[in-house]
Amino acid sequence: MSHILHRQTSHSYPLAASGRGVIIRDSRGKEYFDASSGAAVSCVGHSHPDVLAAMRAQLEELAYAHTSFFSTQVAEQLADELVAHAPIGIGHVFFVSGGSEAIEAALKLARQYFVERGEDGRRYVIARRQSYHGITLGALAVGGRERARAPFAPLLIEAQHVSPAYEYRGRRADETPQDYSERLAQEFESKMQELGGGNVIAFVAETVVGATLGAVPAVAGYFKRVRDICDRHGVLLILDEVMCGMGRTGTLHACEQEGISPDLIAVAKGLGGGYAPIGALLMQDRIFDAIAAGSGAFQHSHTYMGHPLACAAALAVQQVMRRDGLLGNVRAQGAYLSRRLNERFGNHPFVGDVRGRGLFQGIELVADRDSKQPFDPKFKLHARVKREAMARGLLVYPMGGTVDGTAGDHVLLAPPFIVDAAAVDAIAERLGDAIDAATAE
Ligand SMILES: Cc1ncc(COP(=O)(O)O)c(C=O)c1O
């Protein structure tokens, strides 16, 4: 019997024993094709020799030094690397150990920015329904997964939620994408007016929604309108690119494809590619400057922030990505994956939508394509698909609650950036078989 409190107490998990490239092998020798990179984490693949060598070299010099005493060369180099390739105006980085920590830091830095400027009255955070920003209390509070929030509601800070940009279900038949984008912008503007723009700290959104909706990009023009509304009210725009960032959508930052620069960007998963727990908060210079000219210290820290081993791993991952031109491969194989998914599922009776960007693609499962009626949540289709896929040696990331937190199912695909066309073919075929088996039960 395991002594670990696993995610599901009644489930027996295979033991992952080794990983190479896009394959994870369990202790019984069964191989799994990692078509979701865990939860969109792996990017240069498993056991990359250059990353392992960089980590080993770092360990031999220094495993740890507390950030109240020292900086380290490797953390400085990683910050330089991130700033050199960041959206315009981003000049500083705050290191953490994962996505939730990056969001917590973003919320507190945003609030402190206004406190430093004497705008203490700003207290509201606006986010979107059907979003996921992490599991710690602040991140859970701004997240839009009602069922995850409900048991902890008495402990959560107040957060306001508006509609997600979810074209498949949100856009009315009589609306153009532009009308829909405008309606969402109006809703955001109304929420801002209801709260009083001068009382709002920030708007938080995933640039491409990951776990809760299954790779849903915003409609064209949406984020430009959001940026404009934030600017008019002096509100900070925090983009959560923990899942969709660091190359996953084909550009280093997903927001590059929206033509905007946020005030704060949270990144994590693909930053370290699974080699070590690491996340980062990238900030505009004016935020850094406000702290530097004010109290001189961000009132927030963790024992393991800027951990040298994690920084060495992330630096090596980013260097491999650049040296090997992996962003180009994300774009090329992402386009091919989208094509293969559309070929395999375009007329599938139980697939309503195929969407995504780069190697971040999702399919939404429906009981009826015309009405978009979801499967009965009691059927737990997402769990069946995951089981059937694993039985076929395929790791995908299905989730339920797509429509409203309870009903709806989707499958998220996020293979490592090193996949080739043959691997993409295998993903589409094995997933097709798994879905056919799961819906036939
Ligand atoms: C968009 C987004 N934000 C935040 C998080 C939280 O990251 P972590 O699980 O590393 O705390 C996740 C994790 O899936 C995520 O997808």
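The values are calculated or read from the model by the stated rules, or taken from the named source; none is laboratory data. Since we're looking at a predicted model, the values are computed, not measured. With ideal geometry, Cβ positions are generated from the backbone for all residues, glycine too; neighbour counts draw on all protein chains shown. Ligands, DNA and RNA are excluded from the accessible area calculation, which covers all protein heavy atoms including side chains. Shrake-Rupley method; radii C 1.70, N 1.55, O 1.52, S 1.80 Å.
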- Query: Tell me, what is the Rg over Rh of the chain, with Rh the Kirkwood radius over Cα pairs?
  - Reply: 0.96
- Query: If the cut-off is 29 Å between C-alpha atoms, which lysines fall inside it for residue 386, apart from same-chain ones fewer than 8 positions away?
  - Reply: 30, 269, 372, 378
- Item | Mean separation of Cα contacts under 8 Å (6+ apart) over length of the range 251-383, as relative contact order % | 15
- Note on the structure: Membrane-span-like helices (DSSP H runs, Cα span along own axis at least 24 Å, mean Kyte-Doolittle at least 0.5) in the chain -> 421-440
- Mean residue ellipticity at 222 nm from the helices of the chain, using -39,500 (n - 2.57) per DSSP H segment of n ≥ 4 over the full residue count, to the nearest 500 deg cm²/dmol? -12000 deg cm²/dmol
- Message: Give me, ordered by chain and number, the residues 5 or more places off residue 397 or on other chains with an amide H under 5 Å from its own placed amide H.
- Response: 412
- Dipole in debye (nearest 20) - the range 186-255, about Cα centre, beta carbon charges: Lys, Arg +1; Asp, Glu -1: 140
- Taking the range 319-441, the whole-percent share of alpha-carbon pairs separated by over 20 angstrom is 41
- Query: What per residue convex hull volume, in Å³, comes out for the range 354-423 when only alpha-carbon positions are used?
  - Reply: 104
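Hey, what's the per residue convex hull volume over the C-alpha atoms of the range 146-251, in cubic angstrom?
Dividing the Cα hull volume of the range 146-251 by its residues yields 128 Å³.
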- Query: Straight-line reach from residue 191: which lysines have Cα under 18 Å away, leaving out those fewer than 8 places along the same chain?
  - Reply: 224
- Note on the structure: The set of residues whose placed amide H lies less than 5 Å from the amide H of residue 236, leaving out same-chain residues fewer than 5 positions away, is 202, 203
- Rg/Rh over Cα atoms for the range 25-137, Kirkwood Rh, comes to 1.04
- Item | Counting DSSP beta bridges with both ends in the chain, the antiparallel % (nearest 5) | 70
- Task: Answer with one residue from 361, 291, 377: the one whose Cα lies farthest towards the positive end of the charge dipole of the range 285-411, charges on Cβ with Lys, Arg +1 and Asp, Glu -1.
- Result: 361
- Theoretical FRET efficiency, 1/(1+(r/R0)^6), r = Cβ-Cβ of residue 80 and residue 123, R0 30 Å, to 0.05: 0.30
- Which aspartates and glutamates have a Cα less than 20 Å from the Cα of residue 380, not counting those fewer than 8 places away in the same chain? 146, 353, 364, 368, 388, 404, 409, 433, 436, 441
- Query: Taking the highest mean first, how do the peptides 184-194, 125-135, 306-316, 166-176 order by number of other beta carbon atoms within 10 angstrom per residue?
  - Reply: 306-316, 125-135, 184-194, 166-176
- Computed about the Cα centre, the charge dipole of the range 127-230 from +1 Lys/Arg and -1 Asp/Glu charges at the Cβ has a magnitude in debye, to the nearest 20, of 280
- Query: How do 115, 22, 208 rank by accessible surface area computed with a 1.4 Å probe, from largest to smallest?
  - Reply: 115, 22, 208
- Note on the range 285-373: the mean projected area of its alpha-carbon convex hull, in nm², is 10.9
